[in-house]
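Structure, as structure tokens:
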Amino acid sequence: GESVGLHLPTLSVQEGDNSIINCAYSNSASDYFIWYKQESGKGPQFIIDIRSNMDKRQGQRVTVLLNKTVKHLSLQIAATQPGDSAVYFCAEKPPSWGKLQFGAGTQVVVTP
Amino acid sequence: DTAVSQTPKYLVTQMGNDKSIKCEQNLGHDTMYWYKQDSKKFLKIMFSYNNKELIINETVPNRFSPKSPDKAHLNLHINSLELGDSAVYFCASSQVRGRDNYGYTFGSGTRLTVV
């Protein structure tokens, strides 16, 4: 995950455009990755996941890309809507049992 | 039905007090967690229990003591609260099978403010 103490990066997107949120993960041995969305006052909500034996996975309006060579994960949101405004986290699961580690998060702001 | 529920949602208390946060999940998961989210939104794992057994205990002050009476409940007791304990605390649950970890689900959080 990202380092503790960094300010929260912000991505400003116009409604209808595509969004790309990037994440650098820390452990090359991590075998499972999840993207979460956290709206104000709520807990993180599962969006999409991907295993390390895949490099791309698609959901409804979302696509996750995994590049293990450079330890990079991205989340693409198609046709961004106002309801997509939230903080987005990537999380990785190292081969250790059960423990999910989070990146620092990206604040997405959708403008009309 | 709420899958992972925490109580209370808000907690304001004075320094030095002792308080508890409760968590319950109705997903049938065997593993539960406590995470702390700081003012910069960073989520850090504190504890994890699997079938009532403590399996993860990160570097957390001894003033924090988790307790799991059964696999559907994980409570967090905090003694001698300090200003720096102010944060949002999230409970989560998942089902672990071997090296796979399914259905990681979070509660809505407890905002703790120590004054």
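The values are calculated or read from the model by the stated rules, or taken from the named source; none is laboratory data. Here the structure is a predicted model, which is why all the values come from computation and not from measurement. Neighbour counts run over all protein chains shown; Cβ positions are idealised from the backbone, glycine included. Ligands, DNA and RNA are excluded from the accessible area calculation, which covers all protein heavy atoms including side chains. Shrake-Rupley method; radii C 1.70, N 1.55, O 1.52, S 1.80 Å.
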Between the DSSP loop rule and a limit of at most 14 other Cβ atoms within 10 Å, which GluC sites (Glu not before Pro) in the range A:1-97 are left? A:GLU15, A:GLU39
Rounded to the nearest 100 Å², what is the buried accessible area between A and B, both sides summed, probe 1.4 Å? 2100
Over 23 Å between Cα atoms: which of B:LYS19/B:LYS52; A:LYS37/B:LYS19; A:LYS37/B:LYS36; A:LYS93/B:LYS19; A:LYS93/B:LYS9 fall into that group? A:LYS37/B:LYS19; A:LYS93/B:LYS19; A:LYS93/B:LYS9
What does the range B:4-114 give for Rg and for Dmax, in Å, if only its C-alpha atoms count? 13.3, 43
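What are the trypsin sites (Lys or Arg not before Pro) within the range A:8-64 that DSSP puts in a loop, where the Cβ has at most 16 other Cβ atoms within 10 Å?
The qualifying sites are A:LYS42, A:ARG61.
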Return the equivalent ellipsoid semi-axes of chain A as a descending list in whole Å, where each equals the square root of 5 times an eigenvalue of the C-alpha gyration tensor. 23, 16, 12
In the range B:9-47, trypsin sites (Lys or Arg not before Pro) in a DSSP loop with at most 16 other beta-carbon atoms within 10 Å: B:LYS9, B:LYS40
